[in-house]
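The values are calculated or read from the model by the stated rules, or taken from the named source; none is laboratory data. Remember, predicted model here, so these are calculated numbers, not experimental data. Counting neighbours? That spans all protein chains shown, and the Cβs are built from the backbone with ideal geometry, glycine included. The area values use the complete protein model at the heavy-atom level, side chains included, leaving out ligands, DNA and RNA. Shrake-Rupley method; radii C 1.70, N 1.55, O 1.52, S 1.80 Å.
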Amino acid sequence: MAGFLDPLSSETRRLSTFDGYDLATARELCDAIARYDKLRLVLEDVPSSRIVGLAEFSLDLTPGDIARYQEAGIRLAETTDCRFGPTLADDYQGRGVGTLVLPLVTEVARLLGRTRIILWGGVRANNPRAIRYYEKNGFQSVGFFAEADGSLSLDMMLDLHPVPDAAGALT
Ligand SMILES: CC(C)(COP(=O)(O)OP(=O)(O)OC[C@H]1O[C@@H](n2cnc3c(N)ncnc32)[C@H](O)[C@@H]1OP(=O)(O)O)[C@@H](O)C(=O)NCCC(=O)NCCS
């Protein structure tokens, strides 16, 4: 895990923030796996075994999330909603990998009985690639909000309710 965090560029660190990027943080992240309410899905390159991505997944909602969505007229509930935040290694970004991973994440959400996924802490308004990534994978904009430093972020949500397939059948 430290081998994934440490090389992340300053730009990736700005867009996807962790408590730290050193061995101690890597240990904390690993120690928390399968404890609390969080899942950490790791993407591993084969055959190098290098970790090239991390999909953070939480069944817990924060009071801040609940309040922001409420303002947008959406009532979040821990029984139906979960949070997702992806980070890819710099050399794996912009190659469609995030889009390949998303069905695995939605499958996990469904298996855990969730019907909606919200972005973990939103997405920065000046992160056009991530916004495009979420939009093209079905996420809808909920609303902008100001970060503590005054910069803007966007809340987005994916509805996992049954959708018609190409033949019009509900799956
Ligand atoms: C966000 C992230 C997970 C997306 O995964 P990915 O594999 O890079 O995404 P994809 O390649 O599947 O899709 C990216 C889309 O954005 C488009 N794109 C790339 N740069 C863009 C830009 N500057 N402006 C607009 N669109 C852009 C790509 O063309 C592609 O869309 P297309 O398929 O319609 O052409 C990954 O880029 C990442 O880890 N980024 C750094 C950390 C981060 O931002 N995490 C999200 C925090 S909310």
>> Here is a check on your reading of the model: is ARG132 near the ligand (Cβ under 7 Å from one of its atoms), in a helix (DSSP H, G or I) and either open to solvent by 60 Å² or more (accessible area, probe 1.4 Å) or touching a Phe, Trp or Tyr at 6+ places or on another chain (Cβ under 6 Å) (or both)?
In response: yes
>> Would you confirm, using the coordinates I've provided, whether VAL52 is of a type in the set (Val, Ile, Thr) and more than 13 Å from the chain's Cα centre (by Cα)?
In response: yes
>> Looking only at the stretch 135-151, filter to residues that are in contact (Cβ under 8 Å) with a residue 24 or more places away in the chain and not in a loop (DSSP other than H, G, I, E, B); which one of those is nearest to the ligand (Cβ to nearest atom)?
In response: LYS136
>> Of the residues ARG68, ARG40, only one is under 17 Å from the mean Cα position of the chain (by Cα) and within 16 Å of the ligand (Cβ to nearest atom); which?
In response: ARG40
> Does ALA109 meet the test of being in contact with a helix residue (DSSP H, G or I) (Cβ under 8 Å, 6 or more places away or on another chain) and outside any strand (DSSP E or B)?
Replying inline: no
> In the stretch 28-44, how many residues are on the phi < 0 side of the Ramachandran plot and touching a residue at least 12 places away in the same chain (Cβ under 8 Å)?
Replying inline: 9
> Which of the residues belonging to the stretch 57-77 are under 17 Å from PHE144 (Cβ atoms) and touching a residue at least 40 places away in the same chain (Cβ under 8 Å)?
Replying inline: ASP65, ARG68, TYR69, GLU71, ALA72, ILE74
> Mind checking which residues of the stretch 9-50 are β-branched (Val, Ile, Thr) and at pLDDT 85 or above?
Replying inline: THR12, THR17, THR25, VAL42, VAL46
> When the stretch 142-161 is examined, which residues are found to be polar (S, T, N, Q) and either under 23 Å from ASP60 (Cβ atoms) or surrounded by 15 or more Cβ atoms within 10 Å (Cβ to Cβ) (or both)?
Replying inline: SER153
> Among the listed residues GLY85, GLY53, GLY121, GLY98, which satisfies the condition of being within 12 Å of the ligand (Cβ to nearest atom), in contact with a strand residue (DSSP E or B) (Cβ under 8 Å, 6 or more places away or on another chain) and in a helix (DSSP H, G or I)?
Replying inline: GLY98
> Which pairs do you get when a residue that is open to solvent by 40 Å² or more (accessible area, probe 1.4 Å), found in the stretch 89-112, comes within reach of a residue that is more than 7 Å from the ligand (Cβ to nearest atom) and part of a loop (DSSP other than H, G, I, E, B), reach meaning Cβ atoms under 8 angstrom, with the pair 6+ apart or on two chains?
Replying inline: ASP90/PRO7; ASP90/LEU8; ASP90/SER9; THR99/ASN137; ARG110/LEU160; LEU112/LEU59
